[in-house]
Amino acid sequence: MAGKKSKLAAMDIGISAADRKKIAQGLSLLLADSYTLYLMTHNFHWNVTGPQFNSLHLMFMGQYTEQWNALDLIAERIRALGFPAPGTYQEFHRLASIKEVEGVPKANEMVAHLVKAQEAVARTARKLFPIVDAANDQPTADVLTQRIDVHEKTAWMLRSLLEE
C-alpha cells in the first residue's frame, strides 16, 4: 500500500509516557558518557607508550571492548522505551559530562583520566536511579546496576595503578 503510513499502537508497558521520556533522557546522558569513555579508552589503547605499554595496552583493550558491548544495551533500552537513541558525535559531545583529552598524555596521565571518566559514568548512571525507581522500571534499574558495578570496579583497578 504505497503512500499509506502504518500506525503503531500506543505503547502501554506500565510506565507513563512522561516517565519513559525522563528515563530515556537520562539514558541518553549515560550513552553519551559511555561512548565518550569508550572513545577515550580506545584512543589510549592505540597511543600508550612506556614501560607499562604491554599491560596497559591489553587492559585498555579489555575495557574498551566491554564498553563497546554496553553501548548497545543502553541504546536498545532507550529504543524499548519508545525514543530514538542519540548516535552522532555532535549529540554525544552536547550530552556528555566527560570532556575529551587533547593530545597524547603520558601513561599515568591516561590512567588518571580514565579513573575520572569511569567515575563520571558511574555518577551519571546513579543520578537516574530515583526516576527509574519511582517509575517502577526494573529493566532500566538492572542496566544501571550493571553499569555502575563495572565502572566503579574499573575505576578502583585503574586507581590502584596510580598508588605508590
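Among the residues of the range 8-15, is any among the acidic types (Asp, Glu) and at pLDDT 95 or above?
No, that holds for no residue.
Do you know which residues across the range 107-129 are hydrophobic (A, V, I, L, M, F, W, C) and either outside any helix (DSSP H, G or I) or within 19 Å of residue 154 (Cα to Cα) (or both)?
107, 110, 111, 112, 114, 115, 117, 120, 121, 122, 125
Inside the range 55-107, can you point out the residues that are free of Cβ contacts under 8 Å to residues at least 12 places away in the same chain and closer than 24 Å to residue 18 by Cα?
The answer is 72, 76, 79, 84.
Out of the residues in the range 26-55 that are surrounded by fewer than 15 Cβ atoms within 10 Å (Cβ to Cβ) and part of a helix (DSSP H, G or I), which is modelled with the lowest pLDDT?
Checking each candidate, the answer is 54.
From 150, 132, 104, grab the single residue that is of a type outside the set (Ser, Thr, Tyr), within 18 Å of residue 36 (Cα to Cα) and part of a helix (DSSP H, G or I).
Working: 132 fails: within 18 Å of residue 36 (Cα to Cα); 104 fails: part of a helix (DSSP H, G or I).
Only one candidate passes the filter, namely 150.
Answer yes if at least one residue in the range 58-78 is surrounded by fewer than 15 Cβ atoms within 10 Å (Cβ to Cβ) and assigned to a loop (DSSP other than H, G, I, E, B), and no otherwise.
No, the range 58-78 contains no residue that is surrounded by fewer than 15 Cβ atoms within 10 Å (Cβ to Cβ) and assigned to a loop (DSSP other than H, G, I, E, B).
Across the range 110-145, which residue is farthest from residue 12 (Cα to Cα) among those that are among the polar types (S, T, N, Q) and touching a residue at least 40 places away in the same chain (Cβ under 8 Å)?
Within the range 110-145, the match that is farthest from residue 12 (Cα to Cα) is 118.
The values are calculated or read from the model by the stated rules, or taken from the named source; none is laboratory data. Just so it is clear, the model here is predicted, and its values are computed rather than measured. Cβ atoms come from the backbone with ideal geometry, glycine included; neighbour counts cover every protein chain shown.
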